[in-house]
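Contents: one structure, followed by commentary.
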Amino acid sequence: MHPVFRSKLTTVVLGMGTLWLVGVAVLAGIRRYGAASDLVALESRIDDAQRENARLTDELDRMKRPQWLALLARQQLNYKQPDETVVFVYKSEKADTIAPPTASTVPPIPSWRRWLEWFAGVRRE
């Protein structure tokens, strides 16, 4: 055997080279595991974005229909169609039942009288 292979320097260099190769292999495995977990997280985000995109596309399709504008006006602005009747439902003292509105025993005050009292500064209790 050649004397170079028997020297301590060669043994140390080969040992350090081996440790370096093992370290590189371990770090490559760690990076690969991290990249795989990042890939799973990104795929999850892509699936969420696709579901949100589909939901928004459906909502946009609904908004393009003329019935949607009518429904929005009815809900937000309390509009009614000409052939509809508006019904007010009042809750009674009991939370379980719904009662019709009670008729007032006080006769209604005419509008001209209200204006006159307002200009005169008269307050009714």
Report yes if Thr11 is in a helix (DSSP H, G or I) and closer than 30 Å to Tyr79 by Cβ, otherwise no. no
Could you go through region 28-46 and let me know if any residue there is hydrophobic (A, V, I, L, M, F, W, C), part of a helix (DSSP H, G or I) and touching a Lys or Arg at 6+ places or on another chain (Cβ under 6 Å). no
Kindly indicate whether Arg51 is closer than 30 Å to Trp68 by Cα and either surrounded by 10 or more Cβ atoms within 10 Å (Cβ to Cβ) or at pLDDT below 90 (or both). yes
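The values are calculated or read from the model by the stated rules, or taken from the named source; none is laboratory data. Note that the structure is predicted; figures quoted are calculated from it, not measured. Counting neighbours? That spans all protein chains shown, and the Cβs are built from the backbone with ideal geometry, glycine included.
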